[in-house]
Each structure stands twice: as structure tokens, then as C-alpha cells.
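The values are calculated or read from the model by the stated rules, or taken from the named source; none is laboratory data. All values reported here derive from a predicted model rather than from experimental measurement. Heads up, the Cβs are rebuilt from the backbone with ideal geometry, glycines too, and the neighbour counts pull from every protein chain shown. Side chains are part of the model used for accessible areas, which takes the heavy atoms of the whole protein and leaves out ligands, DNA and RNA. Shrake-Rupley method; radii C 1.70, N 1.55, O 1.52, S 1.80 Å.
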Amino acid sequence: MKNDTYFPLIFIVLLLIGAPFFFIGGPGYHSTRSYQSAWDLGHILYFFILSCWLCGFFQRRNILRSPFALFFSTVGIVFIVGFSIEVLQHIKSGRSPGVFDVLRNLLGCLAAFAFFIQPSIGGRHLHLQVVFRGLVLVLLAIAIWPLSRSLMDEHLALRQFPVLADFETPFERYRWVNVQQLRREKEKVRHGKQAVRVQLSTAKFSGISLFYFPGDWRGYGTLHCSVYNPLEAGLVLNCRIHDTLHKEHGSEFSDRFNQQFFLRQGWNDLVVSLEKVKNAPKGRAMDMEHIEGFGLFVVQQAHPMELYLDYIYLSE
């Protein structure tokens, strides 16, 4: 490890600056996926710095001479500090402790040993260091992947707009809440080469919501959506749309757009008037520059069922 006397001071300053962000700030419920993913990666960076400082502290005081004792002691401290932060966050805000946050903390520690600390372990163990670095690189790539995927799809969503989702690209499903309900479909397709199959349950309200999308719908007059109903019997499908002000008005039913569609067997091309959306909230106009949510759901079905969804777009 480098012995530059400036490093300990720099590390302490960075740790003090970063510590409050475990308890203040951070992404909100509707923050972009890329912002949420980047914020999560902050755990890796913070505990990378903490691990470097801890090892420098131990080495300067000649406390731990064995590289293996240094490694396991630092990992143990990182785990305890990280777990304590999760407990304090739970006490402060009621947030459930994040297992993945603890794992990111440990990954930051491993990255510090792999690429910065590099304790002397002797020639006969050099192959272990090479394997260790390779493993850490793989884990870092896995940790960074959600951010990379989010950035790619957010860029694509802007290019596709006014198409909101057509399911032709690999990551469009992640624009939706409860992505585990969606499966790519190549047989029942309304437009292009792919659609999605939506799994619905017997819960009182079961459906999906488009969560991440360009929200400025000004200048458009109609929302289009194609839904395939495989049942011989008809089905009532509910549509809801709300803006960013919806929460400020108590998320009331009367403060959003609501419409029911009767689905015949086969493909149904649904059309929503955005003028009606604009005038839907009671006592105010929908903020068409900041549309925040679009959802489709069914009510209290007797049996689990599937629908197929394709080609959601705006037109003038």
C-alpha cells in the first residue's frame, strides 16, 4: 500500500463527507433507474475508501503483520460497520435492512484489497492474488450492470418516444413495476416481432404499471395500447394515469384518470383521449408535462390468468 502521508487525511475527509449520505438524500420513489443504481454503487466506493484507511491505520501502527489477519480483520470491521448503518437506517426511517447494501460494502472492501492495498503475500501465493483480482472484477461487473442497463434503456426510451413500450429491445420490461410478471412473447404479437405476456393473480387488484418513461405528453392527443385477451368470455380491464401532483392530492381516485375497457377475445386496440386525461382530476387539470404513471389492472379475478400486451404509444 502506498505510504504517502497525504492519503490518510484525504481518506478521512472523504469518509466524513460521505457518511451523512447514508441517512439523508438519495433517490426518491420515482427517481430514474440510473440514479438509483448509481446511488447504490456509492456503497462500494465508500467502503473501498474505508478499507484503504483501515489498512493504512493498521500498517502504520504495525498492529497486524500477517496479510491474512489484515484482510479478515478489515472485512470483519467493514461488515460490522455496514450492518450497523443498516440498523440505524431502520431505526431512523423504518427502512428494512438492505442485504444487497451489505454485500456492496463487502465488495468495496474486496476491491480495495485487489487493486489498492495489495499486501505482500509471498511469491508462492501470487497466483491466488491473480485469481482474487479476476473474481473481484467479475463481481464489480455484476454490480455495475444495473446502472449500465438503465443508462442504455433510458437513452433508448428517449429515442423511441412517443413510443412508450414496444418490447422489441431486451430492457424495455424494466420500465414496468413488477417486472417478474412479464415474459417475452413471440407468438401473440400485435406489432413488430415481440410482445409481453402479463401474469395476473386473484388479488383484489392485479396488474402492471409503466413506471419509467418520458413524462412530457404535451402536444399529443391520444394514447394507444394493444391488449390480447385469450379468454372466450369478455374481461373488464381498468386503465389509470396520474401526474407528479397526484401524491400531493392524497392519491385520491378522483385525482387521476380512470377508464374501463371491455376486452373481447383476441387483440383489442385501446385508445385513450389525452384531452380526457387532462381534465380527469377533480378541481384541477392534469399536468401533462409531468405524467408519472400509467397502469392496467383487473379486479378480483376468480382464477389466475394471462394477458398479452404490445405497442404502447402516443399520437397527435
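Quick notes
- Note on region 293-316: residues that are under 17 Å from HIS224 (Cα atoms) and part of a strand (DSSP E or B) total 14.
- Identity of the residue in region 62-73, touching a residue at least 40 places away in the same chain (Cβ under 8 Å) and touching a helix residue (DSSP H, G or I) at 6+ places or on another chain (Cβ under 7 Å), that ends up most open to solvent (accessible area, probe 1.4 Å): PHE71
- Strands (runs of 3 or more DSSP E) within region 109-201 that include 2 or more residues open to solvent by 40 Å² or more (accessible area, probe 1.4 Å): 182-185, 195-200
- Of the helices (runs of 4 or more DSSP H) lying entirely inside region 1-96, those carrying at least 3 residues that are of a type in the set (Ser, Thr, Tyr), under 24 Å from the mean Cα position of the chain (by Cα) and under 30 Å from LEU158 (Cα atoms) are 33-60.
- All conditions in (1) among the aliphatic types (A, V, I, L, M); (2) modelled with pLDDT of 90 or more; (3) more than 26 Å from the chain's Cα centre (by Cα) hold for ALA233, with the sole exception of (2).
- Tally of residues being of a type in the set (Phe, Trp, Tyr) and within 20 Å of the chain's Cα centre (by Cα) across region 151-168: 1
- Residues located in region 23-60, provided they are without any contact (Cβ under 8 Å) to a residue 12 or more places away in the chain and of a type in the set (A, V, I, L, M, F, W, C): ILE24
- Qualifying residue in region 276-290 (condition: open to solvent by 60 Å² or more (accessible area, probe 1.4 Å), in contact (Cβ under 8 Å) with a residue 12 or more places away in the chain and closer than 23 Å to HIS30 by Cα): yes
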